[in-house]
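Everything on this sheet refers to the single structure shown next.
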Amino acid sequence: AQSVSQHNHHVILSEAASLELGCNYSYGGTVNLFWYVQYPGQHLQLLLKYFSGDPLVKGIKGFEAEFIKSKFSFNLRKPSVQWSDTAEYFCAVNAITGANNLFFGTGTRLTVIP
Amino acid sequence: DGGITQSPKYLFRKEGQNVTLSCEQNLNHDAMYWYRQDPGQGLRLIYYSQIVNDFQKGDIAEGYSVSREKKESFPLTVTSAQKNPTAFYLCASSTGGDGNTIYFGEGSWLTVV
């Protein structure tokens, strides 16, 4: 069965600090990988996704993520966070098995202090 | 505007009552989903439907029921058999098939008292 692990439950950073949120998944086959963000009081929005090609993908608002197949990881990064990045971040995995079901991690709450 | 509309946004119900959450999409997506979000547990799949008149159980289907009579609609009924129904419920849709991105509605807060 697929599973997704986000080991950081709550991260607190000052503005301009660099961010890296970990995401590991357990599935040996081909996967599609996603990061979603949920700003306070808003719905889940797609931040970025990886389907194939360049393992370093860039998303909205300066975020990027790197797919490392050998490590089953898809970590999210941003070189300099802003107060407006305060949100909950979810990693999700879709195994290429014929069913389009996303398996989500438990989420990481990011608090950016001005 | 295209999107996914969930209603109501907030709902209070007494224990033992069934309640139905509405989800409508005008994106012409084939697939629709219901997730439940609880603090510290991420999103868990309740039911999904890849096509009209067909739906499948997700990881936590017990105590829930769905129907998919129309492509644009996928209502979720939280029955009295659901032991812990108070939660945030998210409806989503996608074009179906592998790898297609799932888009979410704004969610419905259900509180059972």
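The values are calculated or read from the model by the stated rules, or taken from the named source; none is laboratory data. Source: prediction; values computed, not measured. Heads up, the Cβs are rebuilt from the backbone with ideal geometry, glycines too, and the neighbour counts pull from every protein chain shown. With ligands, DNA and RNA removed, areas are computed over all heavy atoms of the protein, side chains included. Shrake-Rupley method; radii C 1.70, N 1.55, O 1.52, S 1.80 Å.
Structure notes:
- Computed FRET value (nearest 0.05) for A:Ser14 with B:Leu11, which takes r as the C-beta separation and R₀ as 41 Å: 0.60
- For region B:27-70, the fraction of alpha-carbon pairs lying more than 18 Å apart is 30 percent, rounded to a whole number.
- The three principal axes of the Cα atoms in region A:37-84 give end-to-end lengths of 36, 23, 17 Å, sorted in falling order.
- Building the convex hull from the alpha-carbon atoms of the protein assembly as shown and averaging its projection over directions returns 12.5 nm².
- Rounded Å value of the spacing that divides the Cα centres of region A:54-113 and region B:42-113: 23
- Average silhouette area of chain B, convex hull of alpha-carbon atoms, in square nanometres: 6.8
- Surface accessible to a 1.4 Å probe, A:His9 within the full protein complex, Å²: 130
- Of A:Lys49/A:Lys71; A:Lys49/B:Lys71; A:Lys71/B:Lys71; A:Lys58/B:Lys71, pairs whose Cα-Cα distance is over 28 Å: A:Lys71/B:Lys71; A:Lys58/B:Lys71
- Sites A:Gln82 and B:Ser22, calculated FRET efficiency, Cβ-Cβ separation with R0 45 Å, nearest 0.05: 0.80
- Shielding by other protein chains, A:104-110, mean Cβ within 10 Å: 3
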